[in-house]
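Following: one structure in structure tokens, then a few remarks.
The values are calculated or read from the model by the stated rules, or taken from the named source; none is laboratory data. This structure is a prediction, so every number in the text was calculated from the model and none was measured. Note that each Cβ is placed from the backbone with ideal geometry, even for glycine, and that neighbours are counted across all protein chains shown. Just so you know, the surface numbers come from the protein's heavy atoms only, side chains and all, with ligands and any DNA or RNA stripped out. Shrake-Rupley method; radii C 1.70, N 1.55, O 1.52, S 1.80 Å.
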Amino acid sequence: MTIVVIVVGWSGIAPSGHPGEVGPASAQITPTSQNVPTGKSHPEVLALGDSVMVDARAGLARRLGPGLTLDAAVGRQPGEITALLNAYATSVGLPDYVVIQTGNNGPVYSDDLIALHAALQGVPHVFLVNVDVPRSWQGEVNSILAEAARSWGQAELVDWHSIASSKHITTDGVHLTSEGITLYSRLIARALRGTPGDS
């Protein structure tokens, strides 16, 4: 069963009427990310992100299947992602495939990346999804994520920015339309499967 953990809270970039506000009927939704599953075998794919990933949760669940655990929250910051990785590692272990989407709600600093890299030690496949956000930190975030992907060894950059910046697929410059959900989900699924074809 796909596990979807959604946390709704305050965000510097708050969603407004975007398609991901209400959980899909088929998803198991836990009200807080502190309820990390315990006593279960670890998921095949763990995806952690903010409100953009909240938007795309149904599309990702459909494309990635029952091995996906998706934990997304409005307003999530890099430090929260690191804390969640450590919590999952302690409770159920981390899977071989981890997707990280961060940077929409503020800058990602070198210290954030050092802590994130440490939390991901032993994970052979890490996918860092960059941002398309109309804020001053967009270029900085995308640059530091690209550098992390080049230097970590086990990481790959998933270039959401190049797709989102060339199409009208957001409701407010950040949050996804239905077409945006399809493109975002497809991009991540292709990266995970390592194939150039449609997924």
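In terms of accessible area, using a 1.4 Å probe and ignoring ligands and nucleic acids, GLU156, GLU44 rank largest first as GLU44, GLU156. Taking the Cα centre of the range 54-199 as origin and assigning +1 to Lys and Arg Cβ atoms and -1 to Asp and Glu Cβ atoms, the resulting dipole is close to 400 debye. Our estimate of slack between SER162 and ARG150, defined as 0.36 nm per intervening residue step minus the Cα-Cα distance, is 2.6 nm. With θ taken as phi - 60° and the Karplus curve 6.51 cos²θ - 1.76 cosθ + 1.60 applied, the whole-hertz 3J(HN,Hα) list for the range 58-65 is 5, x, 5, 4, 5, 7, 9, x Hz, x standing for glycine and proline.
Under the convention that each Lys and Arg Cβ holds +1 and each Asp and Glu Cβ holds -1, the size of the dipole of the range 126-189 around its Cα centre is about 60 debye. Here's how it looks for HIS125: its modeled amide H is under 5 Å from those of VAL98, which are all 5 or more places away or on a different chain.
On a full-extension model of 0.36 nm per residue, what is the gain between TYR109 and ASP96, subtracting their alpha-carbon distance, rounded to one decimal in nm? Walk me through the numbers before you get to the answer.
Working: separation 13, 0.36 × 13 = 4.68 nm, distance 2.51 nm.
Gain in length upon complete extension: 2.2 nm.
For the range 42-199, the fraction of 1.4 Å probe accessible surface lying on carbon and sulfur atoms is 51 percent. Entry note, the range 81-177: relative contact order of 27 percent, from Cα contacts under 8 Å with a spacing of 6+ residues.
Once the Cβ-Cβ distance of SER143 and ARG193 is raised to the sixth power relative to R0 = 35 Å, the FRET efficiency obtained is 0.85.
With every protein chain in place and a 1.4 angstrom probe, the accessible-area ranking of HIS161, HIS168, HIS175, largest first, reads HIS168, HIS161, HIS175. Against the empirical curve 2.2 N^0.38 Å, the C-alpha radius of gyration of the range 91-198 lands at a ratio of 1.08.
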